[in-house]
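In what follows, a structure is listed as structure tokens, so that the remarks can point back to it.
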Amino acid sequence: MDTEVVDWLTINFLPHEAELRRMLRRVCSSPAEIDDVVQETCYRILSMASLDGIRDPKPFVFRTAKNLVLDRIKRDAVVRIEAMANLEDLDIADAAPSPERVVFARAELKWVIGLVSQLPDRCKAVFRARRIHGLSQHETAQSLGLTDGVVEHEMMKGMRLMSEMIASHGMNQETGAIPSPAKKRVSKKQNVNDR
């Protein structure tokens, strides 16, 4: 038996076993059935090839137990109505972001990258070093061959320019892109004789 899986069970399953048993009381017909579901849940986890993909262990454990209960219900000829009604108690919210949140975050990132790309070159380099690469003001100054004062000035300028772009252009909700600044047209006065 892999000690890594046993350690995972010790850390991520045992602290939630009492709560799982309490919830199983509402859907299982006897204490023996509860023991069987808990034991089968452990067995399924122990027999997995890898546990690396499990981001949130508690919902995973409860979902595994729920699937086992569902399998038992499918096998049984008679289903207790109370068991079906209480089956939802085994649902634990997954902490992973929803697909909508992932799409929104990607659009937001694309939008921010679009804002940064419109900054003047030196300002853009300073902003990327400070905010994207996480360099300190002094490290940014050294890496770009600038003084600390210039780095501070360029950061303030970048923040001001980005605020102005947000205020004047907003965000394109469909693509996340910021529209490029509108170029002012030089209007030609119409001459009366041009008509």
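Any read-out appearing in this document is the output of simple, stated calculations on the displayed coordinates, not a laboratory observation. Since the structure is predicted, the reported quantities are computational estimates derived from the model, not experimental observations. Cβ atoms come from the backbone with ideal geometry, glycine included; neighbour counts cover every protein chain shown.
Observations
- Vicinal HN-Hα couplings computed from phi for region 113-129 (Karplus, 6.51 cos²θ - 1.76 cosθ + 1.60; Hz; Gly/Pro x): 4, x, 5, 4, 5, 8, 6, x, 3, 5, 4, 4, 5, 5, 4, 5, 4
- Here the Karplus relation 6.51 cos²θ - 1.76 cosθ + 1.60, evaluated at θ = phi - 60°, turns the backbone of region 43-59 into coupling constants of 4, 4, 5, 5, 8, 6, 5, 8, 10, 5, x, 8, 7, 10, x, 4, x Hz, with x for every Gly and Pro.
- Here region 6-46 is scanned for amide nitrogen atoms under 14 Å from the site 7 Å beyond the Cα of residue 71 along Cα-to-Cβ, giving 36-46.
- Note on residue 3 and residue 39: their simple-model spin labels are 2.7 nm apart, each label 7 Å out from Cα toward Cβ.
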